[in-house]
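All remarks here apply to the structure that follows.
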Ligand SMILES: [Zn+2]
């Protein structure tokens, strides 16, 4: 929660540097919300795991049926099905396989996870600023959990 506020303040301050306009506000908000919660995708019952499962499932079926629903199809890119499927798979595997506060609570994750934005189909926004914002939001989660410089992939260890 504090992380989201900090990220928002940072964006307001660096608004010109991030080269973002008013049109990007919804996507920026979504990215802050998602990435501030994303490290807890390793948790079986965390809200982000549910968000990913439900939205992934929705996108998967919307993409699957979009040829039969011409009203929706003009707003949906063709790879929506794959994108939804990828989100669901990611949520299921990370919740089942990853130890809590393990690999997703490291600086590696902060650096690498924003690359997922590149997979979003038909994104009409500057990608690099969005990736920087995502990394920032993600890092605030680590700060809140008390892992400032965690590089080791092992969960809950004594040192950084
Ligand atoms: Zn966490």
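Would you mind listing the helices (runs of 4 or more DSSP H) fully within region 32-140 where at least 2 residues are away from the ligand (no atom under 14 Å from the Cβ) and at pLDDT below 90?
The qualifying helices (runs of 4 or more DSSP H) are 47-65, 70-73, 80-97.
Inspect region 126-145 for any residue being over 20 Å from residue 8 (Cα atoms) and either buried (at least 16 other Cβ atoms within 10 Å of the Cβ) or touching a strand residue (DSSP E or B) at 6+ places or on another chain (Cβ under 9 Å) (or both) and give the result as yes or no.
The answer is no; no qualifying residue exists.
The values are calculated or read from the model by the stated rules, or taken from the named source; none is laboratory data. Remember, predicted model here, so these are calculated numbers, not experimental data. Positions of Cβ are backbone-derived with ideal geometry, glycine not excepted, and every protein chain shown enters the neighbour counts.
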